[in-house]
Amino acid sequence: MMHSKTAKQTGDFGERCAEHYLRKNGYKILGRNFRADGCEIDLIVRNSTHLVFVEVKCRTQTENSWNPRPAAAVDRTKQLRLIHAARLYPHKHDNLRLRFDIVEVYLSPSDRSVLEIRHIENAFGA
């Protein structure tokens, strides 16, 4: 298990990678690390049709590969917390549909470079 400072640094790096990826794929970044009522949403983005609340999961490859996938850490309890925080987000995008996505960022264990980014759209519903 990673030391908490290292885990925080890895998480922050993963969020920056996810943000860059989403921006490159046409999303506008509206917010980062939105906190409300003890809950946090990593990224809030939009495109022409959706307001998207994004949970980022960053993992370094280990001997047992990616089993389970990082998205598996977003269990029903975590989903409900994200939905609750999203309801508290003060948005003025009434014409946009809401969506919850997960972005998985996979890192190399040797140099911590990004091996892969997987964007899971509509990962769970509200």
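Computed values, structure above
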quantity: Trypsin sites (Lys or Arg not before Pro) restricted to segment 89-126 and DSSP loop, no more than 14 other C-beta within 10 Å; calculated: LYS92, ARG112
quantity: GNM result for the chain, Cα springs below 10 Å: residue of HIS20, HIS50, HIS91 fluctuating most strongly; calculated: HIS91
quantity: Leading residue at positive end of dipole, the chain (Cβ point charges), from THR10, PHE53, PRO70; calculated: PHE53
quantity: 0 to 90° range, to nearest 10: angle between helix 76-88 axis and the chain longest Cα axis; calculated: 40
quantity: 0 to 90° range, to nearest 10: angle between helix 4-24 axis and the chain longest Cα axis; calculated: 60
quantity: Of all DSSP beta bridges in segment 18-126, antiparallel share, percent nearest 5; calculated: 65
quantity: Heavy-atom accessible area per residue - segment 16-126, 1.4 Å, Å²; calculated: 57
quantity: Sequence-separation-based contact order of the chain, relative, with Cα cut under 8 Å and 6+ spacing, percent; calculated: 24
quantity: Contour excess over end-to-end distance, with Cα ends at TYR89 and ASP12 and 0.36 nm allotted per residue; calculated: 25.6 nm
quantity: LYS24 paired with ARG69, simple spin-label distance in nm, labels 7 Å along Cα-to-beta-carbon; calculated: 2.0
quantity: Charged-residue dipole, Cβ positions (Lys, Arg, Asp, Glu), segment 71-126 about Cα centre, Debye nearest 20; calculated: 320
quantity: Theoretical ellipticity at 222 nm over the chain - DSSP helices of four or more residues, -39500 (n - 2.57) apiece, nearest 500; calculated: -9000 deg cm²/dmol
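The values are calculated or read from the model by the stated rules, or taken from the named source; none is laboratory data. Nothing here was measured: the structure is a model prediction, and the numbers come from that model. Note that each Cβ is placed from the backbone with ideal geometry, even for glycine, and that neighbours are counted across all protein chains shown. Note: areas computed on protein heavy atoms with side chains; ligands, DNA, RNA excluded. Shrake-Rupley method; radii C 1.70, N 1.55, O 1.52, S 1.80 Å.
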